[in-house]
Structure formats: structure tokens, C-alpha cells
């Protein structure tokens with residue numbers, strides 16, 4: 001293990017050094033690529049996280065994120081080897097950095113209200129250790145007005161400093177996506193919401209080090225709304241596609257052919273129906289926007305969330321229908337193989353995955369096998385990476401995540417391994433006519 005001193009880098013006085021220094025608080029899907037990009041630009045970066053295993057992995061130059069992330073593992077190894085990136089759990093290092101980027105998750109509770117415990121804890125530590133003249137950029141997605149009503153107050157209280165006078169403050173919400181972390185971070189436009197004009201200018205100079213996309217300066221609250229609207233809008237579009245998919249099932253039509261033809265008309269961009277919406281952002285961010293604007297009594301976004309949340313339940317309904325058509329009774333003597341446990345294809349990210357709901361609803365009805373080529377079995381579900389073993393003597397295959405491995409494996413091999421041929425396709429991964437020719441009882445989202 002690489003030995004790291006209590007403070008990751010020995011700091012010199014600001015005027016005695018040529019290299020800028022930054023800290024990234026929270027080393028997850030946002031913080032790790034951000035830290036790597038800053039380090040690649042020549043900045044000495046200290047990454048801070050409370051997770052020992054994550055800190056240790058980064059110290060060894062190993063990427064703790066699972067799934068296909070082009071270029072990230074190589075870049076992380078490179079910047080750690082060059083001593084441009086180190087990791088620690090110690091916030092005292094913040095006293096000698098020029099910029100602090102906070103990338104801590106912001107979940108919601110059962111009432112669909114934001115839970116800021118982790119974020120505010122991190123911000124308190126930042127406030128207690130930061131120095132004058134530093135930039136604090138919050139990359140976490142937050143409800144509108146959170147920067148003014150919570151973040152600003154905590155930073156000023158804990159530091160004894162004043163924003164705009166003693167330090168710079170900005171909200172620059174992330175736009176990354178698993179599978180495209182580095183690409184999105186570097187190439188997409190970014191929104192820079194400054195506490196004041198000077199804060200926005202300072203933040204712009206930092207992000208210009210590695211962002212090739214345009215940098216759009218605005219105020220903090222506008223930046224908060226922009227980020228939550230981005231994801232709420234996409235969630236509503238997906239809900240529309242899912243509802244069209246359900247209509248097509250009833251009418252005996254192919255929703256994917258309907259979508260193709262709809263999109264031949266100008267200014268249409270109908271999304272894909274599917275087994276459900278997962279990930280850290282889309283199931284949560286619409287509720288952050290609704291919470292921030294709750295006095296306006298929003299109704300469309302909660303309706304869209306309800307539609308998308310019900311799609312995994314509908315997948316289980318399709319499984320029941322297929323069993324009945326096959327003349328089989330669902331019981332513990334029947335084996336159902338779940339194909340894909342992550343929420344996104346070719347990724348190991350399981351946050352809010354629709355598969356979790358499907359597994360929960362089926363677990364007391366049948367014997368489950370779960371296959372995913374990327375997911376680590378941290379939940380002790382018996383997740384396997386052996387696809388043949390997962391399908392052998394199975395009665396039903398339920399495709400939840402469109403991993404490349406499943407199309408490469410092929411329907412023919414699946415058919416040869418299974419005891420009964422039932423296929424429920426939640427992502428239009430397989431050709432319905434081919435499946436039927438091979439003797440499958442077929443059900444699919446949007447396939448009537």
C-alpha cells in the first residue's frame with residue numbers, strides 16, 4: 001500500500017509554488033473522474049472519502065468503480081503514479097488548497113424529500129478546514145434554493161468567513177453518466193452558478209482546465225433548477241414512452257415500430273419503453289425539483305414517477321402471464337433467471353435498479369437465479385457471472401438489463417440450456433419472431 005502522510009501533499013506557501021492544488025470531497029461516480037481530470041490538467045489533487053476501501057484502492061492506483069468506463073482506470077493509475085492524485089479521510093488538508101469540489105450524494109426519503117445529512121456533514125468539515133480565498137464548488141444535485149438556505153449558511157457559520165468577500169462559492173451540478181464518465185465530464189457543456197459574478201468567474205477558470213464544452217455562467221438557484229429540470233424532463237419523456245408501450249401491448253402492436261415511425265416526424269424524439277428507470281439521478285431529481293417548487297403543487301412529474309416506478313411491477317405481471325400461457329404454475333420448483341442486476345447496460349451500478357423490485361416481488365413465488373457480468377454480490381443474492389450455469393434447466397429468463405453479453409450469447413444457446421422456454425424481455429434485446437420460432441413463450445415491454 002502507498003503510504004500517505006496525514007495531509008496528502010506537503011503544502012508550501014501559496015507564493016512559493018507553481019502548481020495549483022485542489023480537493024475533491026466524495027470519491028464516487030462523480031468525484032473520481034473529476035479528481036482524475038483535474039490531476040491530468042496539472043493540478044495536485046487530494047481526494048477525500050469516508051470509505052476506507054475506496055481510499056485504499058485509489059492509493060494503489062486502482063479504480064473502485066465497476067463496469068465499462070473507457071479510459072478511467074488508465075487515467076487514475078497514471079495520475080496516482082505521477083503523484084498528482086492522492087486519497088485520504090483527513091479533511092485537514094483543505095487548509096492549503098485553492099479549490100474544493102464537493103461530490104457527495106443527496107438521496108430522498110420515503111416522503112420524497114431530500115436527505116442532506118451526508119452532504120451537510122461534508123460541508124461542515126469543509127467549512128471548519130477551508131482557508132480564505134478558496135473556491136468551494138458544490139457538484140451534488142440539490143433541490144432549488146438549497147445553496148442559499150443551507151450550503152451558504154453552513155459554510156459561513158463553520159468557517160467564520162463570508163462568501164463573496166473571503167471565499168468564492170459556486171454550484172456546478174455534475175452531468176456524468178455511468179459508462180460515459182470521462183467523456184461527459186470533458187465534452188459536455190457545464191452550468192456554473194455563482195454566488196456572485198466573481199465566484200462564477202473563478203469557477204469558470206477552474207472548469208476551463210479540463211472541460212471542452214461551453215461554460216454557461218448564471219446564479220446558484222438557476223443552476224439548481226437547470227440540473228433538476230434536465231433529469232425531470234427526461235423522466236417525463238421516458239414515462240410517456242412507457243405508457244405508449246403499455247397501450248401497444250393491449251392493442252397487439254410493437255411500440256418500438258411505433259416509436260420508429262413517430263420519430264420520422266420533425267421535432268419528435270420519443271424515448272424507449274423499458275423495464276423501469278434506475279440510477280442515482282432520474283428516480284430522485286424530479287422529486288428534488290418538486291420539493292423546491294412544492295408551493296406550485298406540481299402534478300405532471302409525480303405522475304411520471306408513478307408510471308416509471310410501476311414498470312418493474314408490470315414485468316412481474318408479464319412473467320405471470322407467460323407462465324400461464326406455458327401451462328406452468330409459479331412455484332419454488334420453478335427456476336426464473338434474472339438477466340442483469342445493474343440499472344444500466346454494461347455497468348456495475350445497481351443504484352435504484354428495476355431488477356431489485358423484480359427480485360423482491362418474485363423471490364417468494366419462484367426460485368431465482370441472478371446473472372450480471374459486472375455487479376459484485378454485495379447483497380449476498382448469489383449473483384453469478386456464469387451465464388450458462390444461470391440458464392441451465394431454468395424455466396424462464398427475464399431480461400432486465402441490456403448487457404452486451406446477452407445478445408452475444410444468443411437465443412439459440414439460451415433455448416438449448418433451458419428446461420422450459422419462457423422469455424420476458426424488458427429492453428427489446430431479442431427479436432420476438434426469432435424467439436417464437438425457437439419455441440419460446442415470449443412477453444416483452446411494448447410488445448403486443
Subject >> Cα gyration tensor shape of the stretch 17-219, rounded if a/c is under 1.5, else prolate or oblate by comparing a/b with b/c >> reply: rounded
Original post:
Along the principal axes of its C-alpha atoms, what lengths does the stretch 181-245 span, in descending order and rounded to whole Å?
Top reply: 48, 26, 14
Original post:
If you bin every alpha carbon distance in the stretch 64-161 into 5 Å steps from zero, what whole percent lands in each bin?
Top reply: 2, 11, 18, 20, 17, 14, 11, 6, 1, 0
**OP:** Starting from the Kirkwood radius over alpha-carbon pairs of the stretch 342-448, derive D by Stokes-Einstein at 25 °C in a medium of 0.890 mPa s and give it in µm² s⁻¹.
**Re:** 173
Subject >> Computed over the stretch 130-253, Cα set: Rg, Dmax in Å >> reply: 18.4, 66
**OP:** Show that you can apply the helix-only estimate: for the chain, add -39,500 (n - 2.57) for every DSSP H stretch of four or more residues, divide by all residues, and state [θ] at 222 nm to the nearest 500.
**Re:** -11500 deg cm²/dmol
Original post:
What fraction of the Cα pairs in the stretch 208-295, stated in percent, has a spacing above 22 angstrom?
Top reply: 47
Original post:
How much length is gained if the chain between residue 115 and residue 243 is pulled fully straight, taking 0.36 nm per residue apart and subtracting their Cα-Cα distance, in nm to one decimal?
Top reply: 43.1 nm
Subject >> Contact order relative to length of the chain, as percent, for alpha carbon pairs under 8 angstrom and 6 or more apart >> reply: 12
Original post:
Regarding the stretch 239-347, what whole-number volume in Å³ per residue does the convex hull of its Cα atoms give?
Top reply: 162
Subject >> Two-decimal Rg/Rh across the stretch 20-115, once Rg and the Kirkwood Rh are taken from alpha-carbon atoms >> reply: 1.01
**OP:** For the chain, give the share of DSSP beta bridges that are antiparallel, in percent and rounded to the nearest 5; count only bridges with both residues there.
**Re:** 10
**OP:** Using a Förster distance of 45 angstrom, determine the FRET efficiency expected from the C-beta separation of residue 92 and residue 251, and round it to 0.05.
**Re:** 0.10
**OP:** Can you tell me the relative contact order of the stretch 225-314? Whole percent, Cα pairs under 8 Å, sequence separation 6 or more.
**Re:** 43
**OP:** For the chain, take the alpha-carbon Rg, divide it by the Kirkwood Rh, and send me Rg/Rh.
**Re:** 1.02
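Each value in this text was obtained by applying a stated rule to the coordinates, not by laboratory testing. Model, not experiment: these values are computed from the prediction. Reconstructed Cβ throughout: ideal geometry from the backbone, glycine too, with neighbour counts over all protein chains shown.
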